[in-house]
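What follows is a set of notes on a single structure, which appears directly below.
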């Protein structure tokens, strides 16, 4: 069988990733509609805030192991298995940290530190954090064959595994919620899906199994590249999750639940495109930079054009149709989701610039991405806090949407500095 060209691999991977993520979001969306009939809004609030904490722990220990496998020229066993060993160690570390965080929340609740009725004051909340944290241990054993498939732009098997394991996990979650309606249905479904995904990565993808290995030279490479990923991840968490963390301590679980559902709806589009950018854009740009760096600018804009058209159109549609969307999909208990969704849709415009961030990583310049995330974080903790103080919940939501756009000027500056910027191509899609 004739090997596919670079263009064919990019197109094939894009189709599989986009199609897979459309199905992923559709499955998640349908399950969310069903779950809102089975569980109270408070349950979504609990899981949302617990998820943010785990997301934070994930980012606080992120040194870019997957990105290193894709970007680096090496692919020998010592390199790959040392990275896998670090990945396993990181998973256990995250669980230990999640248990410590849960103990801190429980201790503070014991002394009535949290406002009555807030998510953090719920007696079950520390248990949810500790249990969902074990997902990190399970996920840490995922085979590096998944990352190698991404490196070679061969994503059919990765997407298939993701879809099937997600579907099984959601079916299990729905059955649990039907018979025992509680937040544990959400936790159990997530853990089953992760377990099946890890097993599939070992037994359904061709290649050698991982084994424990320790190579000091590989460790040096990982730390050199990963330190900027680490800083970027910390800043990214502080910027993107500050809203839920602040709300978790100030408002009741029901309002956080409304916010989480609005975030799920608008985030479905953002996650869909970000996944394609991350899964296809980064490997494609990395391969271009390794083998044909003179074509990087051309490949960059060819990759970004379909994202631009889709995101700008989606932003306008959701903003204008938010109330109709919510009234069709949810019952009257969730009508407050509509105006939140409308404001949050503005943030979709920023997603198009994430291709540039992946390009900087492909060029081996992760510190550029770190500085972009720092600008967004600084905006959230200055303008965001002031907006909440003066305008409350509504002000914070507006700040969240605008924070995503705050780093765009610096992004454009970096693009110009490294000869990636074409103003004509930047502006031609705006009338959409």
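The values are calculated or read from the model by the stated rules, or taken from the named source; none is laboratory data. In this text the structure is predicted, and so the values were computed from the model without any measurement. In this analysis, Cβ positions are derived from the backbone assuming ideal geometry, glycine residues included, and neighbour counts consider all displayed protein chains.
Could you list, in sequence order, all residues of segment 79-127 that are over 19 Å from residue 56 (Cα atoms) and free of Cβ contacts under 8 Å to residues at least 60 places away in the same chain? Hits for segment 79-127 are 107, 108, 109, 110, 111, 112, 113, 116, 121, 123. Could you please let me know if residue 379 is over 18 Å from residue 273 (Cβ atoms) and surrounded by fewer than 17 Cβ atoms within 10 Å (Cβ to Cβ)? In short, no.
Table: residues versus (1) in a helix (DSSP H, G or I); (2) surrounded by fewer than 19 Cβ atoms within 10 Å (Cβ to Cβ); (3) modelled with pLDDT of 90 or more.
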site	(1), (2), (3)
36	yes, no, no
45	yes, no, no
48	yes, no, no
62	no, no, no
73	no, yes, no
82	yes, no, yes
100	yes, yes, yes
105	yes, no, no
146	yes, no, no
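Scanning segment 148-173 for residues that are more than 20 Å from residue 65 (Cβ to Cβ), under 19 Å from the mean Cα position of the chain (by Cα) and surrounded by 20 or more Cβ atoms within 10 Å (Cβ to Cβ) returns 159, 165, 166, 169, 170. Within 27 Å of the chain's Cα centre (by Cα) and surrounded by 11 or more Cβ atoms within 10 Å (Cβ to Cβ), is that true of residue 207? No: the conditions fail for residue 207. Scanning segment 291-305 for residues that are out of contact with any helix residue (DSSP H, G or I) (no Cβ under 8 Å at 6 or more places or on another chain) and surrounded by 13 or more Cβ atoms within 10 Å (Cβ to Cβ) gives 297, 302. Of the residues in segment 172-194, at least one is closer than 30 Å to residue 77 by Cβ, touching a residue at least 12 places away in the same chain (Cβ under 8 Å) and touching a helix residue (DSSP H, G or I) at 6+ places or on another chain (Cβ under 7 Å).
Against the conditions (1) assigned to a helix (DSSP H, G or I); (2) under 21 Å from the mean Cα position of the chain (by Cα); (3) buried (at least 17 other Cβ atoms within 10 Å of the Cβ), residue 127 satisfies every one except (2).
To keep it simple, each residue is scored yes or no on (1) without any contact (Cβ under 8 Å) to a residue 40 or more places away in the chain; (2) over 26 Å from residue 232 (Cα atoms); (3) surrounded by fewer than 21 Cβ atoms within 10 Å (Cβ to Cβ).
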| site | (1), (2), (3) |
| --- | --- |
| 264 | no, no, yes |
| 274 | no, no, yes |
| 282 | no, no, no |
| 308 | no, no, no |
| 321 | yes, yes, yes |
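Within segment 363-374, is even one residue within 21 Å of residue 260 (Cβ to Cβ) and under 24 Å from the mean Cα position of the chain (by Cα)? First the steps, then the outcome.
Of segment 363-374, the ones within 21 Å of residue 260 (Cβ to Cβ) are none.
Checked against the condition, which is being within 21 Å of residue 260 (Cβ to Cβ) and under 24 Å from the mean Cα position of the chain (by Cα), segment 363-374 yields no hits at all.
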